[in-house]
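Visitor: Can you read through this structure? Questions will come right after.
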Amino acid sequence: RAKADGRGGYRFFEPAMDAIARERATLEADLREAIEHEQLLIDYQPLVGIESGRVEGFEALVRWQHPTRGLIMPTDFVPVAEDSGLIVDLGEWVLRRACTDAARWNPPLRLSVNLSPAQFGYADVCETVARALADSGLPPQRLELEVTEGVFIHDAKRGIAILERIRATGVQIAMDDFGTGYSSLSYFRQFPFDKVKIDRSFIKDMLHNSHARSIVEAIISLGRGLNLQIVAEGVETAEQLAQLQGCSQVQGYYLSPPLPIGQFAGSVLVNPQTAVELPSLKA
Ligand code: C2E
Ligand code: MG
Ligand code: MG
Ligand code: MG
């Protein structure tokens, strides 16, 4: 009887678990289709230089235009891609499309592309990057790859070796979402970065939380000492921007949300809707 009750309890949850598994399988199959049939698209978000007061580059952010579900954001499908191995094809698609786009930009601004830690596990990322550059004609000096510390969790040695090989070709490496994981200071000693992006949770808390502010200031001064560029992500207000003048670059809705590249027409490189005048960036 007890055993039957136990099984009954288990069965109670089973349909829900099943539904989740089925939903994921459907999403995975759809995503496979999406990569083949060009349902993915890329929005670009400006990175604005504090010194120059200008847009210096764009970060490529993938979206999925699903035929029946509408626009799906990366947080809802990149994890599915990572678990299924589809991240290799997805990542290659984004890299190739973004490099091809950027090769035509005038002025020739920099391009940032996110790499998933899972991409390091499956294929030769270094080779994929080299081919995307060669085929698009984008000079390696204009490309920057954003990685999270997830790259170092399973096999740090391998992660470092791959990043060093990529970096040797002239591509820059940025650590994304810094402060959210283990964020050991030893990363700064061992790992081959050109840039650190402070996670937007710190920027969000900075104005009303003195700890968050101290952490941001410490990362900025660490960056200066180690000759690393420091970027603040998720800047949403003028007040936040005023506190971030020690950074190299800023990024966030206050400057511009991610948009289709066509909307940054001509010399007006900041989203006209936000009406942020670039000269006002210098506080
Ligand atoms: P991320 O690389 O840290 O990108 C920043 C995310 O913050 C983007 O979300 C961006 O739209 C959002 N954001 C920018 N400014 C603000 C702001 O002022 N306030 C707030 N609240 N959010 C802001 P998105 O586009 O939804 O992308 C989420 C994450 O998905 C990215 O985080 C990245 O980890 C991943 N991702 C996006 N595209 C790719 C890709 O092509 N490949 C891989 N592997 N991951 C990607
Ligand atoms: Mg990023
Ligand atoms: Mg980030
Ligand atoms: Mg993030």
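We did not get these values from a lab; they are worked out from the coordinates using the rules stated. It should be emphasised that the depicted structure is a prediction, and the values quoted were computed from it without experimental measurement. Cβ placement follows ideal geometry from the backbone for every residue including glycine, while neighbour counts extend to all protein chains displayed.
Visitor: Let me spell out the model: positive unit charges on the Cβ of Lys and Arg, negative unit charges on the Cβ of Asp and Glu, origin at the Cα centre of region 109-249. What dipole size does that give, in debye rounded to 20?
Guide: Computed about the Cα centre, the dipole is about 340 debye.
Visitor: May I ask for the distance between the Cα centers of region 199-247 and region 32-107, given as a whole number of Å?
Guide: Centre-to-centre distance over Cα atoms comes out at 26 Å.
Visitor: Considering only Ala98, Ala132, Ile153, whose Cα is most displaced toward the positive end of the charge dipole of the chain, charges sitting on Cβ of Lys, Arg (+1) and Asp, Glu (-1)?
Guide: After comparing all options, I get Ile153.
Visitor: Report the full-extension gain for the segment Glu51 to Thr100: residue separation times 0.36 nm, less the Cα-Cα distance, to one decimal in nm.
Guide: 14.8 nm
Visitor: Continuing with the same structure: May I ask for the Rg/Rh ratio of region 30-147, computed from Cα atoms with Rh as the Kirkwood radius, given to two decimals?
Guide: 0.98
Visitor: For the chain, return all DSSP H helices satisfying: extent of Cα atoms along own axis at least 27 Å; mean Kyte-Doolittle hydropathy at least -1.0.
Guide: Answer set is 2-36.
Visitor: Right, next: Report the normalised scattering of the chain as log10 I(q)/I(0) at q = 0.09, 0.10, 0.13 Å⁻¹, calculated by the Debye formula with identical scatterers on the alpha carbons.
Guide: After summing over all Cα pairs, the log10 values are -0.48, -0.58, -0.94.
Visitor: Mean separation of Cα pairs under 8 Å and 6+ residues apart, divided by the residue count of the chain: what relative contact order is that in percent?
Guide: 17
Visitor: Can you compute the charge dipole magnitude of the chain about its Cα centre, using +1 on each Lys and Arg Cβ and -1 on each Asp and Glu Cβ, nothing else charged? Give it in debye, rounded to the nearest 20.
Guide: Dipole size: approximately 380 debye.
Visitor: Based solely on its DSSP helices, what 222 nm [θ] is calculated for the chain when runs of n ≥ 4 H residues each add -39,500 (n - 2.57) and the sum is averaged over all residues, nearest 500 deg cm²/dmol?
Guide: It comes out at -14000 deg cm²/dmol, rounded to the nearest 500.
Visitor: Right, something else. Going toward the positive end of the dipole of the chain, with +1 on Lys and Arg Cβ and -1 on Asp and Glu Cβ, which of Phe120, Gln245, Ala218 do you reach last?
Guide: Among Phe120, Gln245, Ala218, the one farthest towards the positive end of the dipole of the chain is Ala218.
Visitor: Loop-only check: which trypsin sites (Lys or Arg not before Pro) in region 89-165 are DSSP coil with at most 11 other Cβ within 10 angstrom?
Guide: Answer by residue number: Arg104.
Visitor: Another one. I need the chymotrypsin sites (Phe, Trp or Tyr not before Pro) found in region 154-241, filtered to DSSP loop residues with at most 16 other beta carbons within 10 Å of theirs.
Guide: Listed in order of number, the matching sites are Tyr182.
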